[in-house]
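Have a look at the structure below before the remarks.
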There are 2 protein chains.
Amino acid sequence: MSDIRYGLIGCGNMGSGHANTLTSGAIRGAALTAVCDASADRRVWLRERYPSVTVFDTTEALLDSGLVDAVIVATPHFDHPKDAIAAFRRGLHVLIEKPAGVSAGRVRLMNEAAAASGRRFGIMYNQRMNPLYQKVRDLIASGELGEIRRTNWIITDWYRPQAYYDSGSWRATWAGEGGGVLLNQCPHQLDLWQWTTGLMPSRIRAFCHFGKHRDIEVEDEVTAYVEYPNGATGVFITTTGETPGTNRYEVTGDRGKLVVENGRLTFWRLRESEPEFNARNTVPFDRPEEWKIEFPNLGPSPEHAGILQNFTDALLNGAPLLAPGEEGILGLSISNAMHLSAWREEWVDLPLDEAAFETELQRRIDTSRGRG
Amino acid sequence: MSDIRYGLIGCGNMGSGHANTLTSGAIRGAALTAVCDASADRRVWLRERYPSVTVFDTTEALLDSGLVDAVIVATPHFDHPKDAIAAFRRGLHVLIEKPAGVSAGRVRLMNEAAAASGRRFGIMYNQRMNPLYQKVRDLIASGELGEIRRTNWIITDWYRPQAYYDSGSWRATWAGEGGGVLLNQCPHQLDLWQWTTGLMPSRIRAFCHFGKHRDIEVEDEVTAYVEYPNGATGVFITTTGETPGTNRYEVTGDRGKLVVENGRLTFWRLRESEPEFNARNTVPFDRPEEWKIEFPNLGPSPEHAGILQNFTDALLNGAPLLAPGEEGILGLSISNAMHLSAWREEWVDLPLDEAAFETELQRRIDTSRGRG
């Protein structure tokens, strides 16, 4: 079978990384054949750097070129659903950058277009390739951790100085990005949080601070408390204003505790489940036997190249997708619910009232300094 | 100067520990001369075990005996203010067990009685003797950590099986103890949280689960979000239902981060404060230089014996108290505010509306299975 011919829509920070990977020969069965970018300067640079790749001015020109089997959508967040839908309508496969979009309602339309097209749909959740998080998911899905009791993610190592925000007038504005640390930095953790546990919250109470540490419109600090359908609870804390930050993910179950921190996974496993121990125990200060388990050989993460290879394998041989595009709505719904809860200062139930979020977001876009 | 003659009011779990310490000779300048306990069986045991100590039936008899200079109050939580006030009125010095009481309003009356008496007043916050937390306080008070940005305490290693709760019909009832994990297990952390930082929250939104993991009336799982007057935020998470739990305390400032976990303190110090770096930096993904600092020689904690020695030294030579009794109201006010926020499902401001807490607690006491 011939190589999958990829077209790249948008070639900024993320897109140029994918262009390099695809043209390096690192992805078996993949070739970069076309690129489009809205910036004339960028197109000059692209033609010089990738002489064998056709460079287009517009998304439509690329989609209609007949040069591509699949596209990678690496445009601004707001445009992901629109660009993906345009590609699906032309019968192309689509791999989108994260986040899936800005509002879950529009991402739902993208998911529907994907289903109607019959084409493959992936999302660049490269952290799903990390063996640490794959092992967390495995230990939970296989029942080793038991019924989940509590989740806790402190993800405060997304430090961004003011110079970062000043590097683009669209950055960290409601009109330009539709959100801050939740939309731009945390989509991976919001995805992994539900992907590793297999649990979506049933309701969320979030506390967001907007422009607290930086001169920006959007949130740069978030603390969210969630409750799950099974009675478990959870906390998610993030900020771009701290350094050195923390990236510590803890999940407790009735058979023990998992902690991912400093690039290591530790599993404290109870030899006997806590409810079983509690039911038979008669000693006031006793507790079940615990084992501290480490995982010496989990190996490195293939990251973005891993997602590109998996998506290519899916197109060539029907390999199962590790990060189906349809699942982008899950982490985004959590993000939307956090925003809505903070704006309204109340609980937000999931499934999300997508129209309510859209209305509240639009109010902020209408007065955003990032308009136009 | 002769030894301080201590009377012990209440000789259950905690009291008998203090009796052993005082009679062991470990505390310089201290002698146990009198004990009282409401249980006749307990008094028989006390007379056998401590033949040189006078054993009384009632608190009043001990207080009026003329045999003591100071008392240690180790009665049930509810009785601490009443017993301490009775002792102050007789001109005795008082060291109370934690918590200071159940409601901040009654503890305030105790503080007023202490002030009126002119006697010394201490509280058994033995974890203030821990060099780890003393160093945290030192690094914050001296400005090494800079302005505090965020606090986070996950204190879930208070595992208690049902057999613990079944060991006394008063346990974990509103009438018997006035609360659960916040009142019984967490007073130390609620104290250290404010003592190490020097910050009391300005408002609290707490989420408590009552009898979630055990057949009890009171809370056995709490997640609380707090905001401080300087704009910092914090989270406090506790439960008695998990094992193996976590005890991890993190404080972030604009000069770095402190973490206490697994009996170790780590200080990530920024060479330049974050706001100073941010003001001069022009590189989007740069960050200030950080140092990882460890403290190899902090030494062991003298715990309860340390508090007993310090209180004795205060009486004999005017040594400053490490845990003044008047400060018991601080952690308790946080605890009361968490309860009130959870009961009312809304924000609670500090300083606390003590009457509102008392009213809500009384409603629960009135229907408690622990009455009588």
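Would you work out the Kirkwood radius for the stretch A:285-372? I mean one over the mean of 1/r across all pairs of different Cα atoms, in Å. Could the numbers behind the result be given before it?
Details: mean 1/r = 0.0561 Å⁻¹.
Result for the stretch A:285-372, one decimal place: 17.8 Å.
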### Task
Mind listing the long-range amide H neighbours of B:G256? Cut-off is under 5 Å, sequence gap 5 or more, other chains count too, H placed in the peptide plane at 1.01 Å from N.
B:L270
### Message
What does the copy distance list look like for A:K82, label position 7 Å along Cα→Cβ, in nm and ordered from shortest?
### Response
7.2
#### Entry: From phi via Karplus (6.51, -1.76, 1.60), per-residue ³J(HN,Hα) for the stretch A:289-298 in Hz, x at Gly/Pro
4, 10, 10, 9, 10, 10, 10, x, 10, 7
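The protein assembly as shown: D in µm²/s via Stokes-Einstein (Kirkwood Rh, Cα pairs, 10 °C, 1.306 mPa s)? Each step should come with its number before you reach the end.
Values: Rh = 28.5 Å.
Calculated translational D: 56 µm²/s.
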### Relative contact order (%) - criterion: Cα under 8 Å, at least six apart; region: chain B
20
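Counting DSSP beta bridges with both partners in the protein assembly as shown, what percentage is antiparallel, nearest 5?
Numbers: 84 of 136 bridges.
Taking every DSSP beta bridge within the protein assembly as shown, about 60 percent pair in antiparallel fashion.
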### Copies compared at B:G29 - label distances in nm, ascending, label defined 7 Å from Cα in the Cβ direction
8.1
### Message
With θ taken as phi - 60° and the coefficients 6.51, -1.76 and 1.60, list the Karplus ³J(HN,Hα) couplings across the stretch B:359-369 in order, rounded to whole Hz; mark glycine and proline as x.
### Response
5, 5, 5, 4, 4, 6, 5, 4, 10, 6, 6
### Query
How much of the accessible area of the protein assembly as shown, in percent, comes from carbon and sulfur atoms when a 1.4 Å probe is used?
48
### Task
Would you please name the trypsin sites (Lys or Arg not before Pro) within the stretch A:13-51 that are DSSP coil residues with at most 12 other C-beta atoms within 10 Å of their C-beta?
A:R28
### Query
By how many degrees, 0 to 90 and rounded to 10, does the Cα axis of helix A:303-317 deviate from the longest principal axis of chain A?
70
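How large is Rg/Rh for the stretch B:1-84, to two decimals, with Cα atoms and a Kirkwood Rh?
0.93
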### Query
Using θ = phi - 60° and the Karplus form 6.51 cos²θ - 1.76 cosθ + 1.60, what ³J(HN,Hα) does each residue of the stretch A:95-110 get, whole Hz, x for Gly and Pro?
10, 9, 6, 8, x, 4, x, 9, 10, 4, x, 6, 5, 4, 4, 5
#### Entry: Intensity falloff of the stretch A:142-258 expressed as log10 I(q)/I(0), Debye formula with alpha-carbon point scatterers, at q = 0.17 Å⁻¹
-0.82
### Query
Ignoring ligands, DNA and RNA, how much accessible area is buried between chains B and A, both sides summed, with a 1.4 Å probe, to the nearest 100 Å²?
4500
#### Entry: All-pairs Cα distance distribution in the stretch B:218-355, expressed in whole percent, bin size 10 Å
9, 22, 31, 28, 10, 1, 0
### Task
Please work out the ratio of the alpha-carbon Rg of chain A to 2.2 N^0.38 Å and round it to two decimals.
1.04
### Task
At most 16 other Cβ atoms within 10 Å and a DSSP loop assignment: could you name the chymotrypsin sites (Phe, Trp or Tyr not before Pro) in the stretch B:249-301 that fit?
B:F285
### Query
Given 5 Å bins starting at zero, what is the percent of C-alpha pairs of the stretch A:330-372 in each, up to the one with the largest pair distance?
5, 23, 31, 20, 13, 6, 1
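Pairs on different chains or at least eight residues apart, Cα atoms closer than 27 Å: how many lysine pairs in chain B fit?
Numbers: B:K82/B:K98; B:K98/B:K135; B:K98/B:K212; B:K135/B:K257; B:K135/B:K292; B:K257/B:K292.
For chain B, the number of qualifying lysine pairs is 6.
The values are calculated or read from the model by the stated rules, or taken from the named source; none is laboratory data. Please read all numbers here as calculations on a predicted model, not as lab measurements. As a convention, Cβ positions derive from the backbone with ideal geometry for all residues, glycine included, and neighbour counts pool all protein chains shown. Surface accessibility is based on the protein's heavy atoms, side chains included, excluding ligands, DNA and RNA. Shrake-Rupley method; radii C 1.70, N 1.55, O 1.52, S 1.80 Å.
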